[in-house]
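These notes concern the structure reproduced below.
A short reminder: the numbers here are calculations on the coordinates, not readings from a lab. Predicted model only: the values in this text are computed from it and were never measured. Quick reminder, even Gly has a Cβ in these numbers, built from the backbone with ideal geometry, and neighbours come from all protein chains shown.
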Amino acid sequence: MAPIIEIKDLTKSYRRGNQSIVVLENISLNIEYGDFLALMGPSGSGKSTLLNLIAGLDKADSGSIKVGGIDISLLSESMLAKWRSENVGFIFQFYNLVPVLTAFENVELPLILTGLSKKERKEHVTTALNLVNLEDRMDHYPGQLSGGQQQRVAIARAVVTDPTMIVADEPTGDLDRASAEEVLRLMERLSGDIGKTIIMVTHDPRAAKKANNMKYLEKGVLANAPEASFSECL
Amino acid sequence: MLLKLLFRNAFRHKLRAGLTICGICVAILAFGLLRTVVSAWYAGVDASSSTRLVTRNAISLIFPLPLSYKDKIRGVEGVKMVSLGNWFGGIYIEEKNFFANFAVDSKTYLDLYPEFVIPPEQKLSFLKDRKGCVVGRKLAKRFGWKPGDTIVLRGTIFPGNWEFILRAVYKGKNKTIDESQFFFHWDYLNETMKKVQPRRADQVGFYIIGTSSPDIAASTSKSVDSLFKNSFAETLTETEKAFQMSFIALSQTILMVIQLVSLVVIVIILAVVANTMAMSVRERMNEYAVFKTLGFGGFYLSILILGESLLITAIGCAIGIIATFPAADAFARAVGDFFPIFNISSRTIYLDMLAALIVGVVAAIFPIWRAVTVPIASGLGRVG
Ligand SMILES: Nc1ncnc2c1ncn2[C@@H]1O[C@H](COP(=O)(O)OP(=O)(O)O)[C@@H](O)[C@H]1O
Ligand SMILES: [Mg+2]
């Protein structure tokens, strides 16, 4: 079976004033269906940039990203938005829930664009909240939930549309150990039980250990996890 | 759901939303009151003009009308009485002694102006004396004139020294009546002109029409003017007050200033609402970036932001309009009978709504543009 994500010769640079800084250089990477990939590396190495490119939030300077056979670097802005809504579930470090919407409404948000009926939406949302074990908190606002609970709502929001892949940028970066553990267990279940393809950026080696695949990014260049630095982190 | 979100967004900062709504409310209230003053001004003019109309040359007041129009006007439906007159423009000794002086068809004129109160025997002696004149009480006092005195005016429009004998002094029926005017017999003027400048005889400056009821003022004016349409001297007929108003340039200026101020009020509130919206949207850039990440396009963001802006202005506008009514009532009581009619017209309310709509839309434009164009990655901020 062809890999779900095929990245070829991806290069990305940012302009700062009149000089441009190369953030990603000739990245090539294949990700298989159902992979749980941990992307590690020091701060500023370009992890988030790579993740944003894969998730269709940003455009590369050169190279191609094929997801399920579609080269997303060729899509227009509005087609890309539609593609994201159908194919990608997002989990952020700071949860990024809408504070004036309840947990239920936050999870329902991505379904607004799907044309499902209200009843169908309710079913999906309930299922997703059940999955993260928060069905009893669905009328709570983000401000009334702990960090770990908010991140679990965010996970429910990411899976509710049943996307092709889930991208997570340091999902445990802002959580205490117990909450982080719970979130990671959930990600594991998503990968193992449901078979979702997950790409997770993380600093945390314990988080990386849950993944079944790991890549290491340093100064914009991709490498397989060097044993030395990996154990160093531990 | 989006509607719910829009409502909750609008009131996320209760104090800020409250203050903005308060501002809109006060602005709409001020706008409404100012507009109402303007319309009350015109309404007052129309109401107090009661039953008298003035007909003059359509081109300008300085062009006369033929005397022959008198009988024709009298034939128009609704016309009860017709008088006529000329602005004489005479000077008493020197220019700084200015006062209004008119040649009028005395009998009909005094009948049309019952507010000029004259003792019957004085009135009789005025009407009997071809050279007689009648002056207001204040004017008589100013120059120390007594009945029987001879007064000489130097003509400016009608050349020569004109001699009059004071026969009557009028008193105003109430305080609003001008007691400093000077009237004499139009026949005296006309007969003299026949002798010295026959070309200028039988020419009338203005006709004054008494109608049976104020209700028919507009229709009567139209009938009179259409009667002389396409003749060599077309007429312009309007209520007496409107005619007088056209002299008072000052009032026009005041009205202009009021209109301008009401416009400025709207511009100020536009700035306030625009600032509120800009602040809210800047704080929520992160959220809008999340919306975009989830695939919501510019259309949805525009609806959210425009809706929020319109919601806030609509609430402020509604409260403002409601508050305008008691405020107008209080205002009307305070200014007494200066404005006999002080009603909030439906036009004012429509203008209120239009102004609020414009404010709501314009205030949203820039924030929408910002939210839609900001790249997602920078909108999400540095998240690690
Ligand atoms: N929008 C941007 N504009 C300019 N430079 C950026 C932007 N985003 C990231 N960078 C730079 O790119 C490099 C990689 O950033 P990032 O991908 O966020 O790293 P990581 O997530 O690995 O910490 C950093 O040096 C950062 O300063
Ligand atoms: Mg990062």
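Under the definition of Cα pairs under 8 Å and six or more residues apart, what whole-number percent is the relative contact order of the stretch B:153-233?
Numbers: 23 pairs, mean separation 8.6, N = 81.
Answer for the stretch B:153-233 is 11 percent.
In the protein assembly as shown, what percentage of the DSSP-assigned beta bridges are antiparallel, given to the nearest 5? Provide the component values of the computation, followed by the final result.
Values: 52 of 78 bridges.
Taking every DSSP beta bridge with both residues in the protein assembly as shown, the antiparallel ones total about 65 percent.
Provide Rg and Dmax in Å for the stretch B:59-233, with only Cα atoms included in the calculation.
Spelled out, the Cα radius of gyration and Dmax of the stretch B:59-233 are 16.7, 49 Å.
Can you compute the radius of gyration and Dmax for the stretch A:4-108, using only the Cα atoms, both in Å?
15.4, 46
Could you check what % of the DSSP bridge pairs in the stretch B:59-233 are antiparallel, to the nearest 5?
Bridges in the stretch B:59-233 are about 70 percent antiparallel.
Summarise the partner chain shielding of A:107-113 as one whole number: the mean count of Cβ atoms from other chains within 10 Å of each residue's Cβ. Please list the in-between numbers first.
Details: counts 0, 1, 7, 5, 2, 8, 5.
Mean number of neighbouring Cβ atoms from other chains: 4.
Could you please state, rounded to a whole Å, how far the C-alpha centre of the stretch A:172-188 is from the C-alpha centre of the stretch B:118-174?
106 Å
Could you tell me, in Å, what Rg and Dmax come out for the Cα atoms of the stretch B:132-187?
Here Rg and the maximum Cα pair distance are 11.8, 36 Å.
Across peptide A:93-102, how many C-beta atoms of other chains are within 10 Å of each residue C-beta, on average?
5
Strictly greater than 41 Å: what percent of every Cα pair in chain B meets that?
On the way: 30031 of 73536 pairs.
Tail fraction, whole percent: 41.
Suppose we keep just the DSSP beta bridges with both residues in the stretch A:80-234; what percent of those would be antiparallel, to 5?
Antiparallel bridges: around 30 percent, rounded to the nearest 5.
Hand me the chymotrypsin sites (Phe, Trp or Tyr not before Pro) from the stretch A:31-105 located in a DSSP loop with no more than 15 other Cβ atoms within 10 Å, in residue order please.
On the way: sites: A:Y33, A:F36, A:W83, A:F90, A:F92, A:F94, A:Y95, A:F104; in loops: A:Y33, A:F92, A:F94, A:Y95.
Filter output for the stretch A:31-105: A:Y33.
So if I take the alpha carbon set of the stretch A:134-184, get Rg, then get Rh from the Kirkwood formula, what is the Rg over Rh ratio?
Numbers: Rg = 11.3 Å, Rh = 11.7 Å.
Value, to two decimals: 0.97.
Given that compact globular proteins tend to follow 2.2 N^0.38 Å, what is the ratio of the alpha-carbon Rg of the protein assembly as shown to that value?
1.69
Quote the relative contact order of chain A in percent (integer), defining contacts as alpha-carbon pairs under 8 Å separated by 6+ residues.
Averaging sequence separation for qualifying contacts and normalising by length gives 28 percent for chain A.
Distance cut-off 22 Å, Cα to Cα: go down the list B:K123/B:K241; B:K96/B:K141; A:K122/B:K4; A:K47/A:K215 and report the pairs above it.
Violating the 22 Å Cα-Cα cut-off are B:K123/B:K241.
Taking the number of other C-beta atoms within 10 Å as the exposure measure, put A:M138, A:M200 in order starting with the fewest.
A:M138, A:M200
When A:D169, A:D139, B:D129, B:D187 are ordered from fewest to most other Cβ atoms inside 10 Å of their Cβ, what list results?
A:D139, B:D187, B:D129, A:D169
Compute the longest continuous run of chain B that contains no exposed chymotrypsin sites (Phe, Trp or Tyr not before Pro); treat a site as exposed when its DSSP state is not H, G, I, E or B and it has at most 15 other Cβ atoms within 10 Å.
B:248-384
For a quick check: sort B:C22, B:C317 by the number of other beta carbons within 10 angstrom, fewest at the front.
On the way: B:C22 14, B:C317 28.
Ascending number of Cβ neighbours within 10 Å: B:C22, B:C317.
May I ask for the angle, rounded to the nearest 10°, between helix A:77-87 and the longest principal axis of chain A, with both axes built from Cα atoms and the value confined to 0 to 90°?
Taking Cα atoms only, the helix is inclined about 60 degrees.
Could you work out [θ]222 nm for the protein assembly as shown from helices alone, using -39500 (n - 2.57) per DSSP H run of at least four and dividing by all its residues? Round to the nearest 500 deg cm²/dmol. Kindly include the intermediate steps, with their values, before the conclusion.
Numbers: 22 runs with 297 residues, N = 618.
Mean residue ellipticity, 222 nm, calculated: -15500 deg cm²/dmol.
How many partner chain Cβ atoms sit within 10 Å of a residue's Cβ in peptide B:283-293, on average, as a whole number?
Mean number of neighbouring Cβ atoms from other chains: 4.
What ³J(HN,Hα) values, in whole Hz, does the Karplus curve 6.51 cos²θ - 1.76 cosθ + 1.60 give for the stretch A:205-213 when θ = phi - 60°, with x put for Gly and Pro?
x, 5, 5, 4, 5, 6, 6, 9, 8
Take every Cα pair under 8 Å in the stretch B:59-233 that's 6+ residues apart, average their separations, divide by the length, and report that relative contact order as a whole percent.
34 percent
Going by Cα centres, the stretch B:274-305 and the stretch A:90-120 are how many Å apart?
15 Å
Say the dipole of the protein assembly as shown comes from +1 at the beta carbon of Lys and Arg and -1 at that of Asp and Glu; which of B:S226, B:N190, A:L113 then lies farthest toward its positive end?
B:N190
Would you list the P(r) distribution for chain A, with all Cα-Cα distances sorted into 10 Å bins from 0 and each bin expressed as a whole %?
Calculated P(r), rounded to whole percents: 8, 32, 36, 20, 4, 0.
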